[in-house]
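What follows is a short report on a single structure.
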Amino acid sequence: MEHGFRSFPQRPQLQMPPTWALVAGLLFLCGALAFWIYIAVHFFAPVPRPPRRSEKQYTTILPDGNRSEAKELPCWIDKWAAEKEARRKRAAIPGTIERKEPSQLHMEEADLFMSVVVPAYNEEERLEGMLEEAVSYLQNQYGSAHDGQKGSDQKKGWEILIVSDGSKDATVEKALEFAKEHQLLQHSNPVPGPWSSNSAHSTHIPHGCIRVIILEENRGKGGAVTHGMRHVRGQYVVFADADGASRFEDLGKLVEGCKAVEDKLGRGVAIGSRAHLVGSEAVVKRSKLRNFLMHSFHLLLRFMTPPATAAIKDTQCGFKLFSRAALPDIIPYMHSEGWIFDVEMLMLAESANIAMIEVAIGWKEVMGSKLNVIWDSLGMAWGLAILRAAWTLGVYKRD
Ligand SMILES: Nc1nc2c(ncn2[C@@H]2O[C@H](COP(=O)(O)OP(=O)(O)OP(=O)(O)O)[C@@H](O)[C@H]2O)c(=O)[nH]1
Ligand SMILES: [Mg+2]
C-alpha cells in the first residue's frame, strides 16, 4: 500500500480581471439598464390623442330655446402654438435675432371673468345638481359678459364648458335641457330645478353661457379637463367635478387665494383642499380600504414629486383654479389622460415657477362615484411612476 500524498494535476488559477475592466463592465451594465428603462418609459408614457374635428365644436341653446348647430370653439392654444412655431421658424433663418419672450405674450385676451370646465362621464344623474349650484353662484357673482369691457381690469361674465367624455347616457341632453330651462329669454319665471333649495329662486341665465363639448371616445378625466381648458375664454379657469361634491360657493375663496399669490405675469394656481376634513365624519365614513389607499398614495406622492407639489396635502380635489396667464405653461405640456393628471398639472406649474396655494373648501360625499378604489389606485400609482420617470428622463419635455 502506498503511503504519502497523491499529487493531483494542478487546477488553473482563476485570474481576477483588472479593476478597470470591472468598472467598465459595471458601467456598461448600468448604461444598458438605463437604456432599457428609457425605452420602456417611452413605450408606456401616455401620448394624448389629438382632438378630432367634431371635438373642436360645441353646442348650446339659442335665444329662441332651440339647440344650436355645432359651432366652432375658440381655441387660444392653437393661436399660441402657431405663433410659437412662426417664431421658431424666424429664429432658424441665419442672421435673424429673435428676441425670446415669455410664453404669456402669445396668450389671447380673456373675454369674460370665469370659465368653469366640467368633465362629465355618464353624469345624467348628478350633473343637474352641480349645475344648479354653479349657475346660481356664477350669475350672482359675475353676471353677464356684456356688462364688462374687453381690455378692462374688471371683467364680467362666465361660461360653463361641459365636456362629455364619450358618455353613453343622456349627459348631453340633460345639460342642454338644463340650459334651456334656465335661459333668461325662455321663461319670464325661471323653472326651478329639483335641487334648488328654495324652489322659487332658481337662477335665470343669459343664453350661450353653457356650452357642451362632446368627445367622440372616452379619454378619462384628465383628457376631458385638458381638452376643455384649451377652449376657455375666462380670466380665471376652474375645473369642477360633475358630482357637485365641492361647495361651489367656495370658488370666491379660490379666486382670492389665487390673486394673493399671482406673480408679475399674473400666473397663479389655487387648489381646493379637503385636507382639513381628514378625521371628519365625511372622510371617516369612507371605507377603511379607501382611506388606507389614500394615505399610501400621499406617501408615494411625497417621495416621487418635486417639493412644492409634494407639499400639497390634497392633490386630487376636483376643484382647482388657474389664472389665464398660467395656462400656456401648463396645458400645452399635459400628457396624463386619467386620474393622475392633477399631479402633472401641479408639477408643470412648479417647474414653471408658478405659485400655488391650497385653499380649504367645503365638500360633501355624493353617491354614484365611478372610481374603482383598487384598480384606480393601482392605476394612479403606476401613472405617477411613469409620469415622474418620463419628466426626469426627458421623455416628456417643454420645447
Ligand atoms: N370615472 C370617470 N370619471 C370621469 C371620466 N371622465 C371624466 N370623468 C369625470 O370626473 C369627475 C370625478 O368623478 P367621480 O366619479 O366623482 O370621482 P372622484 O370625485 O375622483 O371620486 P369620489 O371622491 O369617489 O367622488 C366626474 O365629473 C366625472 O364625470 C372617466 O373616464 N371616468
Ligand atoms: Mg366625486
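The values are calculated or read from the model by the stated rules, or taken from the named source; none is laboratory data. What you see is a predicted model, and the numbers here were worked out from it, not measured in a lab. Don't worry about glycine lacking a Cβ; one is built from the backbone with ideal geometry, like all the others, and counts go over all protein chains shown.
Per-structure values
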read-out: Qualifying residue in the range 305-317 (condition: of a type outside the set (G, A, S), within 14 Å of ligand 1 (Cβ to nearest atom) and in a helix (DSSP H, G or I)); value: no
read-out: Matching entry among T392, T309 (being among the β-branched types (V, I, T), under 25 Å from D250 (Cβ atoms) and more than 16 Å from ligand 2 (Cβ to nearest atom)); value: T309
read-out: The one condition in (1) modelled with pLDDT of 85 or more; (2) closer than 22 Å to I330 by Cα; (3) away from ligand 1 (no atom under 16 Å from the Cβ) that G143 fails to fulfil; value: (2)
read-out: Options A326, A352: the member that is among the aliphatic types (A, V, I, L, M), in contact with a strand residue (DSSP E or B) (Cβ under 8 Å, 6 or more places away or on another chain) and away from ligand 1 (no atom under 16 Å from the Cβ); value: A326
read-out: Search result, residues across the range 345-374 that are acidic (D, E) and modelled with pLDDT under 95; value: E365
read-out: Residue match in the range 264-285 (condition: farther than 22 Å from G362 by Cα, out of contact with any Asp or Glu (no Cβ under 9 Å at 6 or more places or on another chain) and in contact (Cβ under 8 Å) with a residue 24 or more places away in the chain); value: yes
read-out: Filter result for W375 (free of Cβ contacts under 8 Å to residues at least 12 places away in the same chain, over 14 Å from the mean Cα position of the chain (by Cα) and within 12 Å of ligand 1 (Cβ to nearest atom)); value: yes
read-out: Filtered residues of the range 355-372 (kept if small (G, A, S) and more than 10 Å from ligand 1 (Cβ to nearest atom)); value: A355, A360, G362
read-out: Check on H298, out of contact with any Asp or Glu (no Cβ under 6 Å at 6 or more places or on another chain), surrounded by fewer than 23 Cβ atoms within 10 Å (Cβ to Cβ) and assigned to a helix (DSSP H, G or I); value: yes
read-out: Every residue from the range 224-237 that is in contact with a strand residue (DSSP E or B) (Cβ under 7 Å, 6 or more places away or on another chain) and under 25 Å from P50 (Cβ atoms); value: A224, V225, H227, G228, M229, H231, V232, R233, G234, V237
read-out: Residues of the range 297-314 classified as within 22 Å of W375 (Cβ to Cβ) and without any contact (Cβ under 8 Å) to a residue 40 or more places away in the chain, total; value: 2
read-out: Selection within the range 48-85 - under 18 Å from I162 (Cα atoms), loosely packed, with under 14 Cβ neighbours inside 10 Å and among the charged types (D, E, K, R); value: R52, R53, E69, K71, E72
read-out: Number of positions in the range 262-288 that are over 23 Å from the mean Cα position of the chain (by Cα) and either at pLDDT 85 or above or in a strand (DSSP E or B) (or both); value: 1
read-out: Residues located in the range 218-239, provided they are hydrophobic (A, V, I, L, M, F, W, C) and more than 8 Å from ligand 1 (Cβ to nearest atom); value: M229, V232, V237, V238, F239
read-out: Near pairs, Cβ below 7 angstrom, 6+ apart or cross-chain, from the range 84-95 (free of Cβ contacts under 8 Å to residues at least 40 places away in the same chain and within 18 Å of R398 (Cβ to Cβ)) to any residue that is of a type outside the set (V, I, T) and not in a helix (DSSP H, G or I); value: R87/E98; A91/E98
read-out: Residues being at positive phi and within 12 Å of ligand 1 (Cβ to nearest atom) - total across the range 240-278; value: 1
read-out: Verdict on E281 being surrounded by fewer than 17 Cβ atoms within 10 Å (Cβ to Cβ) and more than 16 Å from ligand 1 (Cβ to nearest atom); value: no
read-out: Residue count, the range 321-332 (criterion: in contact with an Asp or Glu (Cβ under 7 Å, 6 or more places away or on another chain) and charged (D, E, K, R)); value: 0
read-out: Single residue of the range 246-258 satisfying the filter (in contact with a Gly (Cβ under 7 Å, 6 or more places away or on another chain) and in a helix (DSSP H, G or I)) that is surrounded by the fewest Cβ atoms within 10 Å (Cβ to Cβ); value: D250
read-out: Selection count where residues are part of a helix (DSSP H, G or I), surrounded by 12 or more Cβ atoms within 10 Å (Cβ to Cβ) and aliphatic (A, V, I, L, M), scope the range 362-394; value: 10
